[in-house]
Amino acid sequence: MSNPVLELRNVTAGYTSRSLGIFGRKTTRRVLDGIDLTIKQGGIFGLVGGSGSGKTTLARAVLGFIEYGGEIFIDGRERSSGSRRDFARAVQSVFQDPASSMDPTKRVGFLLEEPLVIHRLGTKAERLRRVDEVLDFIGFDPAYKKRGISELSGGQRQRVAIGIALMLEPKLIVADEPVSSLDVSVAAQILNVLRDLRERLGLSLLFISHNLELVHYLCDEVAVLAEGKLAADG
Amino acid sequence: METKLLALENLSIAVGGGKNPPLAVRGISLEAGGGELVGLAGESGCGKSLTALSIPGLLPEGVRIAGGSIMFGGTDLAAESERGLRALRGSDITMVFQEPMSSLNPLMKVGSQIAEPLRLHGAGSRAEIRARVLEMIEKVELPEPERIYKAYPHQLSGGQRQRVMLAIALVCRPRLLIADEPTTALDAAVQSQILELLKRLNASLGTTVLFISHDLNVIRSLCSRVYVMYAGRICESGTAAEIFGSPAHEYTKGLIASVPRREMRGMPLLGIPGRVPPVEKYGDGCPFAPRCARRTGECGKRFPEVSRLSDTHFASCYRVASRGGEERDDE
């Protein structure tokens, strides 16, 4: 049997803050308290919870933005065995506000090609072919390569963000509230693209949202995060 | 015929200057009876918020009412002076917006912010005002009224702040509360608490509520009657049961099909292709025609008349009109 795409074993994480003053007391708040979670290849795992329940902290641990306790395996390899860059080809992310994670002065084609350039993959011609492939997948005409990010609507930007995440052909995408700031009709288009990721590319998804109906619609498995613990739902 | 508390008649709102400024709201009519919970639904950029702001005379600079009337309890607010409107705002007509933090003063204690409308509209002595504020804090179901009274907004959670906003809006016992996406910024659990609270307040105080949202689930759970707005026009209106049970307009159907529900698992969302056109490109025909899968030749030429489907259910669509206004789905 192949490795699960993502496996969390007894993961803990928290934040330390220091009260005012030079000799201020350090206090640690534990946000994740022994999380176990497995996502198989092609699985869509939904994570729900109220504000402040630790959903985003979990995403940040998986993406390697913060330190954590316990073990996180991505495609069979322990997260802390390599740098963020080493794992970039296995796991990518899409966030709520696509505009804040893109350089507003750059064009769509440049932004899509950038991950390949950074990872020194392919020749120029191969990279451009991959850009066209991904553009087609996210439902854009090749002419959109020349468009600036500021010319696009919120939904189009979110599709570009998904496109950027796809460039390195990851096994897993962590999507943190990817449709929360979009209108219902636009959100529907994005959700269809996310469903396609699994159907056509066999990708796995860790989908984080506060919308229960939405999560139950999209995901195979749903868990609720509350007080640092995970509880299965439905 | 019974008189409605609020009746917008053929209301148009123009955006920008010049001789023929584009109309962002084009001749809409909308009614709300006393104590009713009425919903106004539609995507962003359809003119919902401008409609809401026009009622208490709060349209931003450069935007003005270009025609029609806003009848509120017998007076036409569209023709009312600024002074007259000011007397109504905060006492008879109040509003609650999406982001409570941007409407609350961070330097003022919550108690005095709730008291402000009472003071401005000259209601009683200090002791009386204090008593009414504490009563209102209890009414919006905030814990420990005395502590909340002395708290600053930053000491409260998002849901608590929105409760404070509701207290400010309702402390003068207005006849009309306009709620513009009041729960959009809150997470799911808090959102449903605020909606339940709004329902209870509507029942106990008898305040008419005009509830504006792009979230159909919210409108469905809250409102008894619904107007669906697209590109500055009302395309369909009816009771919540009619709108969600047997939607007639293709736009309403598309909106409903866009909302993911767990029963629809495994199926693609139908959604609506394309997006809302900018104000200058609204055109003369049915504004939804370019995105509509069932458009015909006449759709692009002239805006369809209103067809009556029942005493309460109306839609502006040639498809509906050609079926003689009868409720039937021929697919």
note = Residues in region B:166-193 that are of a type in the set (A, V, I, L, M), modelled with pLDDT of 90 or more and more than 16 Å from the chain's Cα centre (by Cα) total 4
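How many of the residues making up region B:159-186 are among the hydrophobic types (A, V, I, L, M, F, W, C), open to solvent by less than 10 Å² (accessible area, probe 1.4 Å) and either part of a loop (DSSP other than H, G, I, E, B) or touching a residue at least 60 places away in the same chain (Cβ under 8 Å) (or both)? If you could, list the steps in order and put the result at the bottom.
So the first thing to find is which residues in region B:159-186 are among the hydrophobic types (A, V, I, L, M, F, W, C), and the list is B:164-172, B:176-179, B:185-186.
Subsequent filtering for residues that are open to solvent by less than 10 Å² (accessible area, probe 1.4 Å) retains B:164, B:166-167, B:169-171, B:176-179.
Next cut, either part of a loop (DSSP other than H, G, I, E, B) or touching a residue at least 60 places away in the same chain (Cβ under 8 Å) (or both) only: B:164, B:166, B:169-171, B:176-179.
Residues flagged as among the hydrophobic types (A, V, I, L, M, F, W, C), open to solvent by less than 10 Å² (accessible area, probe 1.4 Å) and either part of a loop (DSSP other than H, G, I, E, B) or touching a residue at least 60 places away in the same chain (Cβ under 8 Å) (or both) within region B:159-186 amount to 9.
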key: Neighbours by Cβ (under 7 Å, 6+ apart or cross-chain): first from region A:152-174, farther than 21 Å from B:SER44 by Cα and touching a residue at least 60 places away in the same chain (Cβ under 8 Å); second open to solvent by 10 Å² or more (accessible area, probe 1.4 Å) and among the basic types (Lys, Arg)   = A:LEU168/A:ARG89; A:PRO170/A:ARG89
note = Log entry, pairs with first residue in region A:187-207 being farther than 12 Å from A:GLY42 by Cα, second being of a type in the set (Lys, Arg) and open to solvent by less than 10 Å² (accessible area, probe 1.4 Å), beta carbons closer than 6 Å, six or more apart or on different chains, reads none
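Of all residues in region B:258-294, how many are in a helix (DSSP H, G or I), within 11 Å of chain A (Cβ to nearest Cβ), over 25 Å from the mean Cα position of the chain (by Cα) and surrounded by 13 or more Cβ atoms within 10 Å (Cβ to Cβ)? Walk me through how you get there before you give the answer.
The first filter runs over region B:258-294 and keeps only residues in a helix (DSSP H, G or I), leaving B:258, B:262-264, B:279-281, B:289-291.
If we keep only those that are within 11 Å of chain A (Cβ to nearest Cβ) too, we end up with B:258, B:262-264, B:291.
Then drop every residue that is not over 25 Å from the mean Cα position of the chain (by Cα), which leaves B:262-264.
Right, trim to surrounded by 13 or more Cβ atoms within 10 Å (Cβ to Cβ) and you get B:262, B:264.
Residues meeting the conditions: 2.
Would you please name the residue that is modelled with the lowest pLDDT, looking only at residues in region B:207-234 that are assigned to a strand (DSSP E or B) and within 14 Å of chain A (Cβ to nearest Cβ)? Lay out the reasoning, then the answer.
Here is the first cut: in region B:207-234, the residues assigned to a strand (DSSP E or B) are B:208-213, B:225-230, B:233-234.
Going one step further and asking which of them are within 14 Å of chain A (Cβ to nearest Cβ), we end up with B:212-213, B:228-230.
On the way: B:ILE212: 94, B:SER213: 91, B:VAL228: 97, B:MET229: 96, B:TYR230: 95.
Checking each candidate, the answer is B:SER213.
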In region A:81-96, the residues that are farther than 18 Å from A:THR57 by Cβ, in contact (Cβ under 8 Å) with a residue 60 or more places away in the chain and in a loop (DSSP other than H, G, I, E, B) = A:ALA88, A:ARG89, A:ALA90
task = May I ask you to list the residues in region B:224-253 that are of a type outside the set (D, E, K, R), open to solvent by 10 Å² or more (accessible area, probe 1.4 Å) and more than 24 Å from B:VAL279 (Cβ to Cβ)?
result = B:SER224, B:THR239, B:ALA240, B:ALA241, B:PHE244, B:GLY245, B:SER246, B:PRO247
ask   = Within region A:20-28, can one find any residue that is away from chain B (no Cβ under 14 Å) and surrounded by 13 or more Cβ atoms within 10 Å (Cβ to Cβ)?
value = no
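Being in a loop (DSSP other than H, G, I, E, B) and open to solvent by 50 Å² or more (accessible area, probe 1.4 Å) is the filter; apply it to region B:147-158 and report the residue that is nearest to B:GLN98 (Cα to Cα). Talk me through it step by step, then tell me what you get.
Going through region B:147-158, the residues in a loop (DSSP other than H, G, I, E, B) turn out to be B:150-152, B:156-157.
Still in the list and also open to solvent by 50 Å² or more (accessible area, probe 1.4 Å): B:150, B:152, B:157.
Working: B:LYS150: 24, B:TYR152: 19, B:SER157: 14 Å.
Checked region B:147-158; the qualifying residue nearest to B:GLN98 (Cα to Cα) is B:SER157.
Can you list the strands (runs of 3 or more DSSP E) found entirely within region A:148-234 that contain at least 1 residues being more than 9 Å from chain B (Cβ to nearest Cβ) and surrounded by fewer than 20 Cβ atoms within 10 Å (Cβ to Cβ)?
Details: elements: A:172-176, A:204-208, A:221-226, A:229-233.
Ranges flagged: A:221-226, A:229-233.
The values are calculated or read from the model by the stated rules, or taken from the named source; none is laboratory data. Everything numeric here is computed off the predicted structure, so don't read it as measured data. Glycine gets a Cβ as well: all are built from the backbone with ideal geometry, and neighbour counts include every protein chain shown. Note: accessible area is taken over every heavy atom of the protein model, side chains too, but ligands, DNA and RNA are not part of it. Shrake-Rupley method; radii C 1.70, N 1.55, O 1.52, S 1.80 Å.
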